[in-house]
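The values are calculated or read from the model by the stated rules, or taken from the named source; none is laboratory data. Just so it is clear, the structure is predicted and the values come from calculations on it, not from any experiment. Because the Cβ atoms are built from the backbone with ideal geometry, glycine has one as well, and the counts that use them run over all protein chains shown. What goes into the accessible areas is simple: the full protein's heavy atoms, side chains included, and nothing from ligands, DNA or RNA. Shrake-Rupley method; radii C 1.70, N 1.55, O 1.52, S 1.80 Å.
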Amino acid sequence: MTTQTHHTRGDVEQFAAKAEQWLADAVPAKWKNNRGTLTGHEMDELRREWDFILWEGGYSGLSIPKEYGGRGLGLAEEIIFHVLAGSAQAPDGLARVGKSLVAPMLIKNGTEAQRSKYIPSIMNGTEVWCQGFSEPEAGSDMANIQMRARRVDGGYILNGVKTWTSFAQHARRCFVLAQTQPEARRYRNLSMFLVDMDQPGVSISNIKQISGAMHFAETRFDDVFVADEDRVGDDGDGWGVAMRVLGDERGGIETAARYVEIRSDVDALLSALGDNPRYADRLKDLDIRTELVRWQLAKIADLETTGDEAKLGRAASVLKLMWSELWQDVTRLGVTRTPVEEHKHWTYQYLEARAVTIYGGSSEIQRNILSERVLGLPR
Ligand SMILES: Cc1cc2nc3c(=O)[nH]c(=O)nc-3n(C[C@H](O)[C@H](O)[C@H](O)COP(=O)(O)OP(=O)(O)OC[C@H]3O[C@@H](n4cnc5c(N)ncnc54)[C@H](O)[C@@H]3O)c2cc1C
């Protein structure tokens, strides 16, 4: 794998100027102008199309090495691009889980064969991935995962149920955490697998969210085969791999993608209510907190270059709390105070934002992490 090249401030500025110009032309007008009125299906279609537009434009996988179909730039460019995409009101692609979680996971923990087999089709938008961690009895308490992966000749047989699996209905593949060593102690009994969803034994039941959208599903695995070469890390190392994935989910490209949506919603509020002095304080508060999210993202991009996993994990938990609670406040103001013609958009956003303090680890869990690992409070 080639090491990442270092870029000067001038390179980064040049990159930002080009990207801004590109975004101004590339964001589909249908998304930009009609967002509040699109159906869930239309939104999914535009999001899938956006994955291809990004790829063709050379803006997919900015921080992913070139040999796997990325641009070989840094997390800084990745974050800058997401910030600009937010201002340009760009959609968020369906390939999000693959780009922000799977590709970084394979770069950190995968084999060379896994990287070259799976990352290019994530980058060009042809394969959507989903994340199979949560189960009916294992959410916050992820170490309680019950899904079994039984050893057989050449691989494993998976049996069990995953739930809240975002994008499962669009996904060709799923990365799945399962018990391989039931007799081993907690945290040493799990392994991570890359599973082809297009095979007998995989069944998906969509779950309707409060917003009316169906972004997630319950996913069953009945006697599903996964080969040895599709295990990520050693047998029994799944917990460590999963923790790094959660760090990326709370603080990496994934959050930069969420920032896109928040910035765009705050801008919409500023243009709808900015002239009204009654809302000046609240708008200022939301605008400043959005800027702080951007700063925390930049801090994480810096920390990434030091490789200090403990600091990164803590910074990611802080960021997760900051952006999720901010977005709920933004949509609360939107749904209660914007003109009636914008209500469809704001109702949808408000209901969607109910979930953000739950997924990727709830606010209570982030506060537990911060109180124990940052403040050193007793458990
Ligand atoms: C929109 C959405 C998308 C999701 N997408 C995915 C996905 O793609 N893949 C996937 O694997 N999972 C996904 N999830 C699942 C998500 O990770 C879990 O919902 C989350 O980890 C919480 O688990 P739970 O739902 O089982 O709640 P529980 O763990 O049962 O928690 C219930 C409540 O108790 C609180 N609580 C639990 N333990 C503690 C504690 N120790 N201290 C203090 N409070 C506590 C929680 O904060 C919460 O308020 C998604 C969830 C949502 C809402």
Seminar exercise, completed: Taking the range 201-222 and keeping only residues that are farther than 25 Å from Ala113 by Cβ, open to solvent by 20 Å² or more (accessible area, probe 1.4 Å), in contact with a strand residue (DSSP E or B) (Cβ under 8 Å, 6 or more places away or on another chain) and of a type outside the set (Ser, Thr, Tyr), one is left with Ile204, Asn206, Ile207, Gln209, Met214, His215, Phe216, Glu218, Arg220, Asp222
For this session: Among residues belonging to the range 286-309 that are charged (D, E, K, R), out of contact with any Leu (no Cβ under 7 Å at 6 or more places or on another chain) and touching a residue at least 40 places away in the same chain (Cβ under 8 Å), point out the one that is most open to solvent (accessible area, probe 1.4 Å).
Result: Glu309
Exercise. Got at least one residue in the range 147-154 being open to solvent by less than 10 Å² (accessible area, probe 1.4 Å) and in contact with a Phe, Trp or Tyr (Cβ under 6 Å, 6 or more places away or on another chain)?
Worked result: yes
Problem set entry | Within the range 362-379, considering residues that are in contact (Cβ under 8 Å) with a residue 40 or more places away in the chain and more than 6 Å from the ligand (Cβ to nearest atom), the one most open to solvent (accessible area, probe 1.4 Å) | Arg373
Problem set entry | Contacts under 7 angstrom Cβ, first residue in the range 154-169 being within 20 Å of Arg231 (Cα to Cα), partner modelled with pLDDT under 95 and away from the ligand (no atom under 15 Å from the Cβ), 6 or more apart | none
Exercise. Across the range 154-172, which residue is farthest from Pro120 (Cα to Cα) among those that are of a type outside the set (Phe, Trp, Tyr) and away from the ligand (no atom under 13 Å from the Cβ)?
Worked result: Asn159
Exercise. Just one of Tyr348, Tyr359 is assigned to a helix (DSSP H, G or I) and either of a type in the set (S, T, N, Q) or under 30 Å from Gly247 (Cβ atoms) (or both); which is it?
Worked result: Tyr348
For this session: Being open to solvent by 10 Å² or more (accessible area, probe 1.4 Å), outside any loop (DSSP other than H, G, I, E, B) and touching a strand residue (DSSP E or B) at 6+ places or on another chain (Cβ under 7 Å) narrows it down to one of Val83, Val97, so name that one.
Result: Val97
Exercise. Out of (1) within 16 Å of the ligand (Cβ to nearest atom); (2) open to solvent by less than 30 Å² (accessible area, probe 1.4 Å); (3) within 17 Å of the chain's Cα centre (by Cα), what's the single condition that is false for Pro91?
Worked result: (1)
For this session: Answer yes or no as to whether Trp50 is open to solvent by less than 20 Å² (accessible area, probe 1.4 Å), free of Cβ contacts under 8 Å to residues at least 60 places away in the same chain and either within 16 Å of the ligand (Cβ to nearest atom) or in the same structural domain as Asn368 (by TED's automatic domain parsing) (or both).
Result: no
For this session: Spot the failing condition for Trp346; the list is (1) within 14 Å of the ligand (Cβ to nearest atom); (2) closer than 26 Å to Asn33 by Cα, and only one is missed.
Result: (1)
